[in-house]
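Reviewing the structure listed below.
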Amino acid sequence: MRKTIPSLNWLRVFEATARLGSFSAAGKSLHISASAVSQQVSALESHLQTPLFTRGPRSVSLTDAGASFVPTVQQALESLEGAADSLFRGSSKAIVHVQVSLILPQAGWRLGCIYLTMHTPI
C-alpha cells in the first residue's frame, strides 16, 4: 500500500526546527507559535512513526532518524522553491489584454467596453 506524502507545512517546520535547534526559534522564523511548531513536529513524527527529535527543557536535538532525514527534506524544499521561482518569477514578460463589458441595469444605460492592459511577469 502506498503511503501518503507528509504535509509540506510539517516538512517546513521540521527543517526550521532542525536548523535552529528549538521550537521557539523555529516558530519565530515561521511566524507561528512554539506550541504550533511542537504540534506539527509531533504530527510528522506520528505520520512517519518515528521520533525525529529528543526534547530537552530549552532545546531539541535530532535523533539519528531525524539527522538522516534533514538533508533530504532540505534538498526537497530547495527543489520546490527553485521550481516555483523558475515558473512564477521568471524574467519573461507577458502582456495580458482584458476586455470587460459592464451593463448597469439600474442606470438604464450601457457602459461601453473597457480595455485594460496589464503588463505582468508570468
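Values in this text are rule-based calculations from the coordinates and carry no lab data. Given the structure is predicted, the values throughout are model-derived calculations rather than measurements. Positions of Cβ are generated from backbone atoms using ideal geometry, with glycine treated the same way; all protein chains shown enter the neighbour counts.
Can you tell me which residues in the range 37-65 are free of Cβ contacts under 8 Å to residues at least 12 places away in the same chain and surrounded by fewer than 16 Cβ atoms within 10 Å (Cβ to Cβ)?
Looking only at the range 37-65, we keep the residues that are free of Cβ contacts under 8 Å to residues at least 12 places away in the same chain, and these are 39, 42, 45-46, 49, 54-57, 64.
Scanning the range 37-65 gives Gln39, Ser42, Ser46, Gln49, Thr54, Arg55, Gly56, Pro57, Asp64.
State all residues of the range 37-75 that are outside any helix (DSSP H, G or I) and in contact with a Phe, Trp or Tyr (Cβ under 7 Å, 6 or more places away or on another chain); if no residue qualifies, say none. I'd like the intermediate steps shown before the answer.
Within the range 37-75, the subset outside any helix (DSSP H, G or I) is 49-63.
Listed by number, the residues that qualify are Leu52, Val60, Ser61, Leu62, Thr63.
Keeping to the range 66-88, report how many residues are of a type outside the set (D, E, K, R) and either under 16 Å from Val13 (Cβ atoms) or surrounded by 14 or more Cβ atoms within 10 Å (Cβ to Cβ) (or both). Break it down into steps so the answer makes sense when it comes.
The first filter runs over the range 66-88 and keeps only residues of a type outside the set (D, E, K, R), leaving 66-77, 79-80, 82-84, 86-88.
Subsequent filtering for residues that are either under 16 Å from Val13 (Cβ atoms) or surrounded by 14 or more Cβ atoms within 10 Å (Cβ to Cβ) (or both) retains 66, 69-70, 72-74, 76-77, 80.
So the count comes out to 9.
In the range 1-36, which residues are more than 14 Å from Val73 (Cβ to Cβ), in a helix (DSSP H, G or I), within 14 Å of the chain's Cα centre (by Cα) and hydrophobic (A, V, I, L, M, F, W, C)?
The answer is Leu30, and nothing else.
Do you know which of the residues in the range 21-73 that are of a type in the set (Phe, Trp, Tyr) and in contact with a strand residue (DSSP E or B) (Cβ under 8 Å, 6 or more places away or on another chain) is nearest to Ile5 (Cα to Cα)? Working first, answer last.
Of the residues in the range 21-73, the ones of a type in the set (Phe, Trp, Tyr) are 23, 53, 69.
With the extra rule that they be in contact with a strand residue (DSSP E or B) (Cβ under 8 Å, 6 or more places away or on another chain), the set shrinks to 23, 53.
Working: Phe23: 23, Phe53: 20 Å.
Result: Phe53.
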